[in-house]
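Data first, discussion second: the structure below is written as structure tokens.
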Amino acid sequence: MNPLRSVGARLGLALAVVVAAALILVDLIVVPSLERNLIDAKLSQLSEAAPKIGSQLLNSAGYNIDETIQSAAGSADARVVYFEVLTFNPPRLRVYADSNPVTSADIENDALAQRAFVEARAVRGTTTLHGIRYAEVAYPVFGGPVVLLQSSLHDSLRSINLVRRRLVVAGLIALAASLLVGYLAASIFARRIRRLERAADRIASGDFSEPVVDSGRDELAELAAAFERMRQRLAQLEHARREFIANASHELRTPLFSLGGFLELMADEELDPKTQSEFMTTMREQVDRLAKLATELLDLSRLDAGRLTVLRERIDLVDLADTLAEEFRAVARSTNHPLSIESSGEVQAFGDEERALQIGRILLDNALVHTPGGTPVRIEVDQRDGEALLAIEDDGPAFRASTRDRSSTASTASRARRPRGAVSGSQLPGSSASS
């Protein structure tokens, strides 16, 4: 598999993208904000100092102006320039005093000083001279002169650039760490996924012997537990399927062998008509048995395919019980089972009559086959709690608890005379008593 398509690589890349996005946001939002705050702090400092310095310079004698301006520059930690007014219209200023020994032409034509003079208010901002950025505050003094305070932002911006470089270095380290940690964490997680994948392959191939185990407590462990439940259920279904195939093979082989034997006997020309008639009756019974098995197998295949349909129609359960009794009366007489019908009166229900007869035949056949001769067998039709009930009861020995738990044809209804609950009683699926 391509390593870049693995869970570890994808998780590592995802973490790296998150870290990179966080660093980009810091560089786009936090660093500029920090830069603005530092510049605003410097401008505020100069704005507070400007009125005091302007007053000092205005009241200073001409011979003492240089000493005053140097003192003001030292207290404000900034360059101080004092402009005098040459003309008011058009407005023209000239540097009268400068704390910097060399006055440049850029200062002579400073835009902020011109604005402060024209607008007669303090003006502040930043400017760039010779590649260096400065914070400037221009303050108009009473009478027309303008005081300009200028402070370099080089140190502040250098700190910002240092923070940015350190963020880049830290970001690269974080990116590498996130890639490594994400890949290692995802690799551990991927091993658990691969174990589940191998378990799914085993189950898909029909190997249900090895349990699916995961020691975690997260969603993957819950998935493993679901796989284990699926494995157990499939193992049970596979065991039932094999038992069914073995039983079906036995059930099909027995009547086929019997029919083969009777056909060989029928080829004997010395058989008298009575014996031939008996053989034919027995052969018809075996054919009916095969037809019954074929019908049951067909219903089972339809059930597995989800195509088994159940009709909803009105059924007279008393008539249905009479039909069952007539079908099995001869068998009950031959096996010495007293067969009777118990009914509380007319009982109407809604359901599939053919399926109801099929279930009744199975239950009645079980009662006649699996109980000793002489055991009374009853077909009970009744209404209980607003529901219609068709039950096959007998007084034979009960099923073992393990056998009763595996019963899937109907819900059992136990009687006091059968304390072990071996009676195969069935409430018709989807049926209800009519009013």
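Observations, loosely collected:
- No other residue among 300, 290 is within 23 Å of residue 355 (Cβ to Cβ) and modelled with pLDDT of 80 or more apart from 290.
- Test: residue in segment 217-235 that is surrounded by 12 or more Cβ atoms within 10 Å (Cβ to Cβ), modelled with pLDDT under 85, in contact with a helix residue (DSSP H, G or I) (Cβ under 8 Å, 6 or more places away or on another chain) and of a type outside the set (Val, Ile, Thr): yes
- Residue in segment 152-168 that is open to solvent by less than 60 Å² (accessible area, probe 1.4 Å) and not in a helix (DSSP H, G or I) present: yes
- Within segment 255-267, being open to solvent by 50 Å² or more (accessible area, probe 1.4 Å) and assigned to a helix (DSSP H, G or I) holds for 256, 257, 263, 264, 265, 266.
- Wholly within segment 30-124, helices (runs of 4 or more DSSP H) carrying at least 1 residues that are closer than 30 Å to residue 166 by Cβ: 31-59
- A count restricted to segment 97-120 and to residues that are among the hydroxyl-bearing types (Ser, Thr, Tyr) and over 19 Å from residue 76 (Cα atoms) stands at 1.
- Condition check for residue 144 on (1) touching a strand residue (DSSP E or B) at 6+ places or on another chain (Cβ under 6 Å); (2) at negative phi: one failure, at (2).
- Among residues of segment 96-112 being farther than 26 Å from residue 37 by Cβ and open to solvent by less than 30 Å² (accessible area, probe 1.4 Å), the one that is farthest from the chain's Cα centre (by Cα) is 97.
- Just one of the listed residues (141, 147, 137) is surrounded by 17 or more Cβ atoms within 10 Å (Cβ to Cβ), in contact with a Ser or Thr (Cβ under 6 Å, 6 or more places away or on another chain) and more than 30 Å from residue 26 (Cβ to Cβ), namely 137.
- When each of 380, 393, 353 is tested for being surrounded by fewer than 19 Cβ atoms within 10 Å (Cβ to Cβ), modelled with pLDDT of 85 or more and acidic (Asp, Glu), the lone residue that passes is 353.
For (1) without any contact (Cβ under 8 Å) to a residue 24 or more places away in the chain; (2) under 24 Å from residue 17 (Cβ atoms); (3) assigned to a helix (DSSP H, G or I); (4) among the charged types (D, E, K, R), each residue gets a yes or a no:
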position: 179; (1), (2), (3), (4): no, yes, yes, no
position: 184; (1), (2), (3), (4): no, yes, yes, no
position: 187; (1), (2), (3), (4): no, yes, yes, no
position: 202; (1), (2), (3), (4): yes, no, yes, yes
position: 206; (1), (2), (3), (4): no, no, no, no
position: 215; (1), (2), (3), (4): yes, no, no, no
position: 221; (1), (2), (3), (4): yes, no, yes, no
position: 226; (1), (2), (3), (4): yes, no, yes, no
position: 237; (1), (2), (3), (4): yes, no, yes, no
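- The residue list 259, 308 contains one member that is in contact with a Lys or Arg (Cβ under 6 Å, 6 or more places away or on another chain), more than 21 Å from residue 390 (Cα to Cα) and modelled with pLDDT under 85, which is 308.
The values are calculated or read from the model by the stated rules, or taken from the named source; none is laboratory data. Keep in mind that this is a model prediction, so the values were computed, not measured. Backbone-built Cβ (ideal geometry, glycine too); neighbour counts: all protein chains shown. Side chains included, ligands, DNA and RNA excluded: accessible areas come from the protein's heavy atoms. Shrake-Rupley method; radii C 1.70, N 1.55, O 1.52, S 1.80 Å.
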